Amino acid sequence: MKKVKIPVKYVNVLAHKYSIESTSNLSDEELGRCHTTEQRIFVRDDIPGDSMRDVTLHELMHAVHFHMELNDGSTEESFTSRTATGLRTVLVNNPTLCRWIFQPSKN
């Protein structure tokens, strides 16, 4: 399988600069990891492209939830509204990454 590359090295998450990289240094149980205190996102480099895009979006959501101070105590409406605002802001501020995440599968 050909390794897929994340097209950017940094991503703006609600005015916080995160590094983002693919890596082989994750445990077997992890597909990705978001270190909010270090502002770093890691994604496994040995997974198919569609999975890598999904995991990247998943890890970005962890960063959004952290910076929007969302937690299990948030009401569903508050959680959904703030998540939508946070995610849209990240996607608008990172057009190259956005195009990569939402590009159609080449299968």
Do you know which residues across the stretch 70-107 are more than 19 Å from Thr36 (Cβ to Cβ), without any contact (Cβ under 8 Å) to a residue 60 or more places away in the chain, outside any loop (DSSP other than H, G, I, E, B) and among the β-branched types (Val, Ile, Thr)? Thr80, Val92, Ile101
Which residue is modelled with the lowest pLDDT, if the candidates are limited to the stretch 78-107 and must be of a type in the set (Gly, Ala, Ser) and more than 19 Å from Tyr10 (Cβ to Cβ)? Ser105
In the stretch 58-77, is there at least one residue being modelled with pLDDT of 95 or more, within 20 Å of Lys2 (Cα to Cα) and buried (at least 16 other Cβ atoms within 10 Å of the Cβ)? no
Filtering the stretch 26-57 down to residues that are crowded, with 20+ Cβ neighbours inside 10 Å, touching an Asp or Glu at 6+ places or on another chain (Cβ under 9 Å) and of a type outside the set (Gly, Ala, Ser) yields Cys34, Ile41, Phe42, Val43, Met52
For residues in the stretch 4-54 being among the hydrophobic types (A, V, I, L, M, F, W, C) and on the phi > 0 side of the Ramachandran plot, which is nearest to the chain's Cα centre (by Cα)? Leu14
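Yes or no, residue by residue, for (1) among the charged types (D, E, K, R); (2) assigned to a strand (DSSP E or B); (3) touching a residue at least 60 places away in the same chain (Cβ under 8 Å):
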position: Lys2; (1), (2), (3): yes, no, no
position: Asn12; (1), (2), (3): no, yes, yes
position: Glu21; (1), (2), (3): yes, yes, no
position: Leu26; (1), (2), (3): no, no, no
position: Glu30; (1), (2), (3): yes, no, no
position: Arg33; (1), (2), (3): yes, yes, no
position: Glu38; (1), (2), (3): yes, no, no
As an exercise: evaluate Phe102 against (1) surrounded by 15 or more Cβ atoms within 10 Å (Cβ to Cβ); (2) over 12 Å from Ile6 (Cα atoms); (3) aromatic (Phe, Trp, Tyr) and give the number of the one condition it does not meet. (1)
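The values are calculated or read from the model by the stated rules, or taken from the named source; none is laboratory data. Computed from a predicted structure; not experimentally measured. Reconstructed Cβ throughout: ideal geometry from the backbone, glycine too, with neighbour counts over all protein chains shown.
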